[in-house]
Structures are given as C-alpha cells and as structure tokens.
Amino acid sequence: MADSLPTLLLAEHDDASLNPVTARALTAAKALGAPVHVLVVGENARAAAEAAAKLDGVAEVLLADAPAYAHRLAEPVAALGVALAKEYGAVVAPSTAVWKSVMPRIAALLDVMQVSDVIAVVAPDTFDRPIYAGNAIQRVRATDGKKVLTIRTASFAATGEATGVSSAPIRAVEPAGTAAGSSFVGEEIAASARPELTAARIIVSGGRAVGSAENFHAVIEPLADALGAAVGASRAAVDAGYAPNDWQVGQTGKVVAPDLYIALGISGAIQHLAGMKDSKVIVAVNKDEEAPIFQVADFGIVGDLFEVVPALKTEIAKAK
Ligand code: FAD
C-alpha cells in the first residue's frame, strides 16, 4: 500500500552544505508518518549528504552524485526523481526555485496532482496551503496514491541534528536517464556577507519611504549589520531601484519567517504581508499610525524612520 512506503525528501543544498530550509521541510516530511529518506542530488555533494545524514529522524540518505546533476537542471533531476519515486509513498521538497522547477515535472510524469506550498500537514493525505496571497487557507485532500508536495518552509520549525545516535547511512544511487532539454549557461550570484534572506533569524526591511539606494546603504544596511541581520525590501522599493530584486519580500518575492522582522517605512500591503506575516516578532516603524503594517506588528513605532533608525542603532551599540 502506498501509505506504508517511506517518504522521499529532496534536499536543497549547494553541494558543499545543506541549506537550512531542508531541515524545515524535513519536519513536514516526518509529519506524514512514514520513514524519511533524503535525496541529495548534485556533483561532489557528499558534504551535503553527510549533513543531511545527521538530521534527526532521517532513516537513509540517497546520494546521486554525477556531472549530469551539476546545477540541478530540471530534466535530469526530474528523471531521477521519477525513477526513485516507485519506492516511495510521497515525494517532498522545499518550495525553492530549484524544486519549483523540478517537482511539477515529477508530478506530471507520475500522472499525479502536486500539492504546492504546504503550510500544515493535517493528515498524511490532507494539507493546508495559502491561496489569494495568504488571505485564505485552503485545505486539500490528495487522493493520489503517491503524494508530490512542495513545502512552504517558513511554516515549519527546523528539525535539529540527532543526538546520541550515529548518522543515517548514505547510499549511492545510479544516475537515471539522461534527459536533455536545457543546458547550464552561467549564473550570477550576489555575494553578501549577510545571512541569506530565507534563512536569516533577523531581517531589517525597507520600503518606498527609504527614498533611494543611497539611503538603503546609509540607513537600512548599517542597522542590519549591527543586528547581524539580512536586508529585505518591499516591492515598491525594489521597483524604484532602491534595492536589488533578490531582497524583495512578499507574494512575488521571498516568503520569510524570521524570529524578528523590522519593517521600516513599509505600509503593509497584503502582498507584502503574504511574505512576512508569520515572522515571530514584527516591529514596524511608520509615520502613519493608520498604516496596515501596525495590524500585524507586535511592536509599532509611529515616527520618521530617519530619526528612529539612528536612535535604534545608538541603543544597540550601547547594549553591546
Ligand atoms: P507604500 O505603500 O508607498 O508605503 C510607504 C509607507 O512608508 C507608508 O505607509 C508611509 O506612511 C510610510 N512613510 C513615508 N515616509 C516615512 C518615513 N520618513 N518614516 C517612516 N514611514 C514613512 N509588494 C511587496 O512588498 N512584495 C511583493 O511581493 C509584492 N507583490 C505584489 C504582487 C502583485 C500582483 C501586486 C499587484 C502587488 C504586489 N506588491 C508587492 C505591491 C504592494 O501592493 C505594495 O504596492 C507595496 O508593498 C508597497 O510598498 P511600500 O509599503 O514600500 O510602499
């Protein structure tokens, strides 16, 4: 029976290390109630596999290590996922750019329905997922024998490393199929000493009110650095060229749930809230006391960000 088969979790990693979203997706995978195997697919990815093997509740790690899997192009990785899926009751992956590209192919090739952006596992076949930019939660029951799920990792706590037990075994799996279609041309990755937005514990985010790229640099970034935080931005700030695209938080940006989210000069449009309202503590600074951001904020300061941020920085420096 499909339900008794183990769950296959597809790891997000960069070959050298495991992305923290994998440990969050693992929490969701374990909630399905079956043993969880983690697939690490890439080139020279043993280090990521070893990190996955240490996570609590991982029964086995499958390592598919081959040049064909460098950059995790959708076609070869989907072919591998389909070949492996025979042995699994569910295939689960975090909702990241890589897996958003691969998982629909796996679902289509298996001829099953994908359930995207799962935020809660209600039962092994029943899941909650946001719709209308998070304004409504849809509960869906997947009746397919095999489940294909992508996980909104911000909604799940990370599984920690197992203590007192040896790591899960790592089994090498043979490449399956050589599906072509796309080829890797190149990538430009913004280098930053700051934490990655989706993994950061603290995010300092600026909106249109920041007014310029120079102000982001002079006002927002120093506060983030004082807190060891990542920098985020509203779409209005990104569209105006004040902040790069990969800083955008929201419905069409990144979905984050840090311990602390500081929103500076952000009105709190629903599309922005869709990306950050699950943050544990939200602090908002806005000149307008009617701004919708205050409805989700745990702490609100009605004031000018250009006065409040330097004052905050001074207090942080004193506390250090
Ligand atoms: P504004 O709404 O202009 O708000 C600026 C705020 O700053 C105001 O509340 C103002 O009171 C305050 N302010 C002004 N001066 C100061 C000051 N000196 N100090 C303190 N406060 C001050 N938006 C996103 O953010 N992310 C998304 O992913 C996203 N996706 C979208 C998808 C779709 C399909 C659509 C239609 C829209 C999307 N948007 C998204 C846009 C969204 O609707 C808002 O337009 C946007 O979030 C507004 O950005 P903002 O809050 O920075 O700007």
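The values are calculated or read from the model by the stated rules, or taken from the named source; none is laboratory data. Given the structure is predicted, the values throughout are model-derived calculations rather than measurements. In this analysis, Cβ positions are derived from the backbone assuming ideal geometry, glycine residues included, and neighbour counts consider all displayed protein chains. When the accessible area is computed, the model is the full protein with side chains, heavy atoms only, and any ligands, DNA or RNA have been set aside. Shrake-Rupley method; radii C 1.70, N 1.55, O 1.52, S 1.80 Å.
Counting only protein chain heavy atoms and rolling a 1.4 Å probe, the accessible areas of THR159, THR252 rank, largest first, as THR252, THR159.
Shown here is the pair-distance distribution of the stretch 118-239: with all Cα-Cα distances grouped in 10 Å bins from zero up to the longest one, the shares run 9, 20, 26, 30, 13, 1 percent. Computed about its Cα centre, the charge dipole of the stretch 207-320 is approximately 200 debye, with only Lys, Arg, Asp and Glu carrying charge at their Cβ. For the stretch 71-115, the C-alpha radius of gyration divided by 2.2 N^0.38 Å, with N the number of residues, is 1.03. Taking all Cα pairs closer than 8 Å and separated by 6 or more residues, the relative contact order of the stretch 159-268 comes to 30 percent.
Working ranking of peptides 145-153, 110-118, 77-85 by packing, defined as the average number of other Cβ atoms within 10 Å per residue, highest first, is 145-153, 77-85, 110-118. Its alpha carbons considered, the stretch 1-70 gives a radius of gyration followed by a Dmax of 11.8, 36 Å. Accessible surface calculations at 1.4 Å, restricted to protein heavy atoms, place the chain at 47 Å² per residue.
Only beta bridges with both residues in the chain are counted; by DSSP, about 20 percent of them are antiparallel.
With a 1.4 Å probe and every protein chain kept in, tell me what percent of the accessible surface of the stretch 97-234 is carbon plus sulfur. Carbon-and-sulfur percentage of accessible area, whole number: 52. For the stretch 18-59, backbone nitrogen atoms closer than 19 Å to the point 7 Å from ARG139 Cα along Cα-to-C-beta are found at 31-33. Working ranking of peptides 288-295, 265-272 by packing, defined as the average number of other Cβ atoms within 10 Å per residue, highest first, is 265-272, 288-295.
Axis of helix 74-85 versus longest Cα principal axis of the chain: the two differ by about 50°, to the nearest ten degrees. Mean residue ellipticity, 222 nm, helices only, the chain: the sum of -39500 (n - 2.57) across DSSP H runs of n ≥ 4, divided by residue count and rounded to 500, is -7500 deg cm²/dmol. At 20 °C and 1.002 mPa s, what whole-number value in µm²/s does Stokes-Einstein give for the translational diffusion of the stretch 206-320, with Rh from the Kirkwood sum over Cα pairs? Calculated translational D: 155 µm²/s. Binning all Cα-Cα separations of the stretch 38-104 at 5 Å, short to long from zero, yields these whole-percent fractions: 3, 17, 26, 28, 21, 5, 0. Each peptide among 18-26, 237-245 gets the average number of other Cβ atoms lying within 10 Å of its residues, and from highest to lowest they stand as 18-26, 237-245. Over the C-alpha atoms of the chain, the Rg to Rh ratio, Rh being the Kirkwood estimate, stands at 1.01.
Per residue, the convex hull spanned by the alpha carbons of the stretch 1-138 comes to 103 Å³.
Measure up LYS86/LYS147; LYS146/LYS277; LYS30/LYS54; LYS100/LYS147; LYS254/LYS277; LYS30/LYS146 against 21 Å on the Cα-Cα distance and list the ones that go over.
LYS146/LYS277
Sequence-distant contacts, meaning Cα pairs under 8 Å at least 6 residues apart, place the relative contact order of the chain at 15 percent.
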